[in-house]
Each structure stands twice: as structure tokens, then as C-alpha cells.
Amino acid sequence: MTLNAAGDVNINAAVTVTKGNLVACCGQDVNVRAAITTTNGSVLLAAGRDVNIVRDATFTASAITTTDGNIEICAGNNINLNNSFNPGTTLMTLTRGSVTAGQSLSNLGVPRGLTLIAGNNGTGPGTAGGTVVFTNGGLAGTFITTTGPDPVTPTNIYYNPSSYTTPTNYSTFFTGDGGPLTQYMLVFPDGASRVEDGTTTATFTGLKGAPAGVTLNTAGGTANFDTAAVGTNKTVTYTGFTLTQAPIVTGGTATNYALPVTCCAPIVGKTTATITASTTAAVTTTTAATTTSTAAPTTTTTAAATTTTAAPTTTTAAPTTTTTAAPTTTTTAAATTTTAAPTTTTTAAVTTTTAATTTTTAATTTTTLPATTTTTASPTTTTTVAATTTTTLPPIVVPILPPSLELPIVLPIVPPLVPPATLQLQPGLPVAVLGTGVRMPPEQMVVPVAPPPLIPPPLAPPVIVPPEAPPVYVPPERPRRPERN
């Protein structure tokens, strides 16, 4: 017979099974409130929380009696055995455990004899994690009776002690010649606490409470947190771990240890550990805006020596033709070759250094270096003003006419030769005046001098326009005398 429930399984009426088994598994509590009897069969009661076998004033017939079979009771928390109503009658009786197939429940992992397992859902030592609790009217030896020569009816108890140094002695609650009685204190893996890393993997390094005489073997075991999130006392499930300890000792005061034991299905042990938040601050790359105020590397700007040689200007004055009654005299001004002194315009490179990154514009450094100016004054410039041209006007011939034919004589007015006004010249600029017939005195010749300090940007020199040549006088035509008859 099998009774399964997500909640409770309540046995409120007597159950009798011959050559058969009774299995009750549930997610919460199994409550035995009536008699259960099996012959040539076994009993398995498994609860997610508590298994309660209570004989009190309300449920006076509660009991379990098995002959030639096995009894296993396992609870996630407590196994509560209460015999407060009739302490003179045992609450549980087992006569000869069985290894016979079909009636031993070995297929469900039930061992021979009587097995009590409490605290399978525990995550740490202490009775709060689940234990075996006996409650009676003050009489010992009235709970369980096992019969059968040793080792036919062994008894094994797994529980959470109040302390690993003070095991609970359950032997006083048993009578009969069955045996042996072996007690195990449950232990829980430890050391899995770590900093978050995005995974659920857990690694154990020892046992909680550091019980003496036992170590955890991690080879072949696996463990995982319920989630990868940060949290305190998070559940860690594990399988495949084993213990190394001294040989098992029987008796109520023995110090033996065990990990959670399989019941109904393969057991998955539980413990707790903590995942803490990573304390590694986000890598703050504080690049203090690297203010590389590299004052513009001393920039020696040698303004390329600019030698500008103005193309030689060859100005040939147009031949001046003077027409008089005298034979035509053609005066050709000597060809004047005026070579203007090379104009050197040196603009020192303006170096503006702006510091990178920081919006700190390093004071704009304008370094005006006196450009290494190689000013090659034009080789001794010989300004040859047209050779003094003396224009000799022909003598004016006044014919003598008879009084009757005399006409008013109009003498041509020859304008005087006026030298051109003195022009304001820019120092250093040679000038040639052409076709005036005036020679510049030697003391007024301009000798090239060193250029003045450069002021960027340089101003263009004023344009010098040479004066216009004086007009050529042409005498008016005389009226012809009338012919005589």
C-alpha cells in the first residue's frame, strides 16, 4: 500500500498488511493516529516536515507493529514519538528485521531493522535543524521494543545534536534483545561562502561546527547555490561527498557522524553559505585630463631667408621728337636700366600652442623671431638718369615784311622747365626719375640700410608714381600771307 500526498498523510484508521508493505510519502507531515500492523512486510514513513506518532488521550490506539519486516521513519525536521497516554505499552515493536525481497523495501533503500532519520532538511547543527524527540509520561523503556538476536534487528538513529561534544543517548528508550543500537550525528559541509562571480558553483573546505574526529572528502562531490545572486545564508545543495572518521562505535554514547541519508528517493543534502558583493570598484580610470601644456617646443623659426629680386625693370623712354623749322632733331634718351633693390618680406612664423585635452588654452604664444634675413642689397645700383639732354630750339626767324603786309607776330611762349617736386621717399627704396633732364644730387642718393624691425603683418610700401614728363612744345602754325596779284 502506498500513500502519497503533497501535503499531509493522516492515518486515522487501523491499517493491517500481510505479506505486503505500507509506504507513505508526503510533502508536509505524516500523522499516525491509529494502529499499523504488518506481517512479512515493512513500513516506510517519509515526510517533508515531521512524522508524528502520537498516543495520547485523543488518539489512544496509535502504534506500529512489524514482524519479519523493517521499519524506516524519516523526516525533514523532527520525528515526534509520544506515548503519554499508555506508557506501559510500547509505542513501536519490531520483531526480526528482514532481507527478503518483496517485503524488505530494500528497493527503496530501506535497511534491515529499525531506522530513524530526523533533520534531512537541516542546513546546520543544532536541534532546530531536526532531531528525534521522545515524549512520555515520565517512564523510560516504553517506546520501542526490538526482538531478535543480534544482528537480526539492528537500530540506527540519525539526528542533530544540541552539541557535537555531548551526543544524545537514546538507548534508554529501547527494550528487547534486538540490536545493536548505533547513533549518528548529522554534519553539514562548510566553507562555500565567497564573493559573487556570476555562477552558482560552491566549493566546500570543511564542516560546520568543526566536529572532532571527522573530515569531509570533496572528491567526486558537487555543490551549487540556489542562485548566483548576492545573499546571506543561501541554500547550497550537494551530492557525492563522503566522510572520513574513526571506526563506527555502537551504543548510546558513541560519537559517530553522517551526512543526510537517503529516504524514499536519492537524498540531496543541504547546507548554507553566503555570497557577498564584489568589493572591486569599477576600474576608475581617472585620467586627470592630462594637461600636456607643452609650451610650443622652442620653435626656432628661421624665416627662410627670402631674397626677392625684383625683375630688372628696363624702362626705355619713348623717343622724344622735337619738331621745329630746323631740321628734325631726334633725341633718344639713353636707355635707363633701373634695378630696384630686392624687397625682402620676412614674416616670422606665428607659433600658437594650445594645450591638448584640457580646455586650457595655453596663453597663445606668438613668438615673432627676427627672421634671419639675408638682405643682399642690390649690387651698387647705378641709377643712370638719362644723360643730360639739352634741347636747343632753333632760332626764331622773323621775316621783315612791308608795312602793308606786316602781321602781328606772336612769339611762342616756352614754358620754363620746372624740376619735379621733391617726393617723400620711403627709406631704403631706390627711385629713378626718368626724362626730366634733372639729375638727383649725389647726396640725395639712397643707400640701402638695414631693414627696420619687422612688424607682422608688414604693410605694403606706398606706390611711387614718377611725375609725368613735361609736354613737348609745338609752335603754332603761322598764317600764310595772301598772294599778291
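The values are calculated or read from the model by the stated rules, or taken from the named source; none is laboratory data. No experiment lies behind these values; they were computed from the predicted model shown. We place every Cβ from the backbone using ideal geometry, glycine too, and count neighbours over all the protein chains shown. Just so you know, the surface numbers come from the protein's heavy atoms only, side chains and all, with ligands and any DNA or RNA stripped out. Shrake-Rupley method; radii C 1.70, N 1.55, O 1.52, S 1.80 Å.
Below is a table of values for the structure above.
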{"quantity": "Backbone HN-Hα couplings from phi across segment 162-177 [Karplus 6.51/-1.76/1.60, Hz, Gly and Pro as x]", "calculated": "6, 7, 5, 8, 10, x, 7, 9, 8, 4, 6, 9, 10, 9, x, 9"}
{"quantity": "Pairwise centroid distance, computed over Cα atoms, of segment 67-126 with segment 175-251, Å", "calculated": "23"}
{"quantity": "Burial order of peptide ranges 167-177, 104-114 (average beta-carbon count within 10 Å, highest first)", "calculated": "104-114, 167-177"}
{"quantity": "Accessible area of segment 197-253 belonging to carbon and sulfur atoms, whole % at 1.4 Å probe", "calculated": "55"}
{"quantity": "For segment 141-215, accessible area per residue (1.4 Å probe, heavy atoms of protein chains only), Å²", "calculated": "40"}
{"quantity": "Three-way shape call for segment 30-131 based on the alpha-carbon gyration tensor, with the a/c threshold at 1.5", "calculated": "oblate"}
{"quantity": "Residue 49 accessible area, 1.4 Å probe, all protein chains in place, Å² to nearest 10", "calculated": "110"}
{"quantity": "Under 12 Å, Cβ to Cβ, from residue 106 - net charge with Lys/Arg +1 and Asp/Glu -1", "calculated": "0"}
